[in-house]
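Report on the following structure.
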């Protein structure tokens, strides 16, 4: 294989838009037929909508297919066969991999995969890693607690698949992971933005190690939208002295998008493996034009044990107007995943996206990486309390920092906040997905 060429699959990644759309329609027809034929849940859903496989002839027909939500998958799990329910499309003895969602948005959903599905996962991740410059010469350290969550499992296998040396750091604590990176001269890492920032903080403040002087030159992030937020990306790259790339995926969906080395300000959708539709949450209309945000409805073309057909992910995205200079024909979603539809909430009559607060906090020099937002209501009055950490070396700038924070929050979110400046190390640290935004309205008992 030519290690200098930028594409894992040059044929598919540079396919003309016309040919790519033809491929997508054929693949959708195939997975729709598979789900209709093998899944009691999907067949019932489609029959209720008056659809059968022969009805899917065009992209307009695809838009008639009912969407599936995570809550529906939770309900399915209560049925036989245990523990997956009647969306399972293969015999239980063909299921070789169990994973489950992280549970950050409710009861975890179980995800069965066949060995073929797991090979597909690794192939999707191979597109990601190759596009981000991973090559067989890399030694990849994964500072992640291997668990029932899918997080970085497929990344591990994909790194092996493309020829990298993989060092799993699952049972090590943070200090031991840093020492192992240093000892083995790892060149790449994968992790959540939250944990990687915390890891760098531990190295600097508790071990007197400058992570930017280690050998890591590339980092792949997932699990949070932070690596697509410019201020968070800058903090990560400054902390580690490395290029930082984003990726978006989900247990129920797969690894559907990636940032390439051209870093076009967004993520490529792997359109050979997935169909991404952006839907207006008010009208239900599919948005084709760039620059308009909507929620993502996604289909994984090649996953068979528990199909993902028009899954309403609640992720908020928009198409970019420009193509990427890398030469891929796969479209780009501008700014990556900017949030979730169920996270974007109205406060004091204004729509608030938690990612906007992160952009402000991480963009102010002198503030730490962690913060906490609490939205509450007393009577008819709503409040937003924001707790941030000030770095020790910035204590004498506290007044300026607070003023700058107030101004930037008002500018970026059009809201006022009750600010609390905390000492460094005061707020909780997270290893998996952070839970920094808390909405307490409507959760109090009389």
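The values are calculated or read from the model by the stated rules, or taken from the named source; none is laboratory data. Note that the structure is predicted; figures quoted are calculated from it, not measured. Every residue, glycine as well, gets a Cβ built from its backbone with ideal geometry; the counts of neighbours run over all protein chains shown.
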### Task
Search the range 149-161 for residues that are more than 12 Å from residue 119 (Cα to Cα) and pair each with any residue that is assigned to a loop (DSSP other than H, G, I, E, B) and at pLDDT 95 or above when their beta-carbon atoms are under 9 Å apart and the residues are at least 6 apart or on different chains.
159/134; 159/138
### Message
Among the residues of the range 83-113, what is the count of those that are at pLDDT 90 or above and farther than 21 Å from residue 45 by Cβ?
### Response
11
### Message
Against the definition (over 17 Å from residue 218 (Cβ atoms) and either in contact (Cβ under 8 Å) with a residue 12 or more places away in the chain or under 24 Å from the mean Cα position of the chain (by Cα) (or both)), how does residue 202 come out, yes or no?
### Response
yes
### Query
Only one residue in 112, 108 is over 16 Å from residue 222 (Cα atoms), in contact with a strand residue (DSSP E or B) (Cβ under 7 Å, 6 or more places away or on another chain), part of a loop (DSSP other than H, G, I, E, B) and in the same structural domain as residue 175 (by TED's automatic domain parsing). Which one?
108
### Query
Assuming residue 386 fulfils every condition listed in (1) crowded, with 19+ Cβ neighbours inside 10 Å; (2) at pLDDT 95 or above; (3) part of a loop (DSSP other than H, G, I, E, B); (4) in contact with a helix residue (DSSP H, G or I) (Cβ under 8 Å, 6 or more places away or on another chain) apart from one, which condition is it?
(3)
### Task
Check 347, 337, 360, 309 and return the single one that is within 17 Å of the chain's Cα centre (by Cα) and either buried (at least 19 other Cβ atoms within 10 Å of the Cβ) or touching a residue at least 40 places away in the same chain (Cβ under 8 Å) (or both).
337
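Do you know which of the residues in the range 241-259 that are outside any strand (DSSP E or B) and within 15 Å of the chain's Cα centre (by Cα) is surrounded by the most Cβ atoms within 10 Å (Cβ to Cβ)?
Within the range 241-259, the subset outside any strand (DSSP E or B) is 241-242, 251-253, 259.
From what is left, the residues that are within 15 Å of the chain's Cα centre (by Cα) are 251-253, 259.
Working: 251: 20, 252: 22, 253: 22, 259: 28.
This residue is 259.
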### Query
Which numbered condition trips up residue 238, out of (1) surrounded by fewer than 23 Cβ atoms within 10 Å (Cβ to Cβ); (2) assigned to a helix (DSSP H, G or I); (3) in contact (Cβ under 8 Å) with a residue 40 or more places away in the chain?
(3)
### Task
Return yes when residue 216 is assigned by TED's automatic domain parsing to the domain that holds residue 153, in contact with a strand residue (DSSP E or B) (Cβ under 9 Å, 6 or more places away or on another chain), in a loop (DSSP other than H, G, I, E, B) and closer than 23 Å to residue 174 by Cβ and no when it is not.
yes
### Message
Let me confirm something: among 57, 64, 78, 74, which residue is out of contact with any helix residue (DSSP H, G or I) (no Cβ under 6 Å at 6 or more places or on another chain), in a helix (DSSP H, G or I) and either outside the structural domain of residue 326 (by TED's automatic domain parsing) or surrounded by fewer than 18 Cβ atoms within 10 Å (Cβ to Cβ) (or both)?
### Response
74
### Query
What number of residues within the range 81-105 are in a loop (DSSP other than H, G, I, E, B), under 29 Å from residue 342 (Cβ atoms), more than 20 Å from the chain's Cα centre (by Cα) and touching a residue at least 12 places away in the same chain (Cβ under 8 Å)?
7
### Message
Tell me yes or no: at least one residue of the range 282-297 is surrounded by 23 or more Cβ atoms within 10 Å (Cβ to Cβ), closer than 26 Å to residue 149 by Cα and touching a helix residue (DSSP H, G or I) at 6+ places or on another chain (Cβ under 7 Å).
### Response
no
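I need the full set of residues from the range 265-281 which are under 17 Å from the mean Cα position of the chain (by Cα) and buried (at least 18 other Cβ atoms within 10 Å of the Cβ), in order please. Give the derivation first.
Let us first name the residues in the range 265-281 that are under 17 Å from the mean Cα position of the chain (by Cα), namely 265-271, 273-278.
Across the range 265-281, the qualifying residues are 266, 267, 268, 269, 270, 271, 273, 274, 275, 276, 277, 278.
Please find, within the range 30-44, the residue that is nearest to the chain's Cα centre (by Cα) out of those that are in a helix (DSSP H, G or I) and crowded, with 18+ Cβ neighbours inside 10 Å. Before the answer, list the steps.
Pass one, the range 30-44, residues in a helix (DSSP H, G or I): 30-38, 40-44.
Applying the additional criterion that residues be crowded, with 18+ Cβ neighbours inside 10 Å yields 31-32, 34-36, 41-42.
Working: 31: 24, 32: 25, 34: 27, 35: 25, 36: 29, 41: 27, 42: 26 Å.
Among residues in the range 30-44 that are in a helix (DSSP H, G or I) and crowded, with 18+ Cβ neighbours inside 10 Å, the one nearest to the chain's Cα centre (by Cα) is 31.
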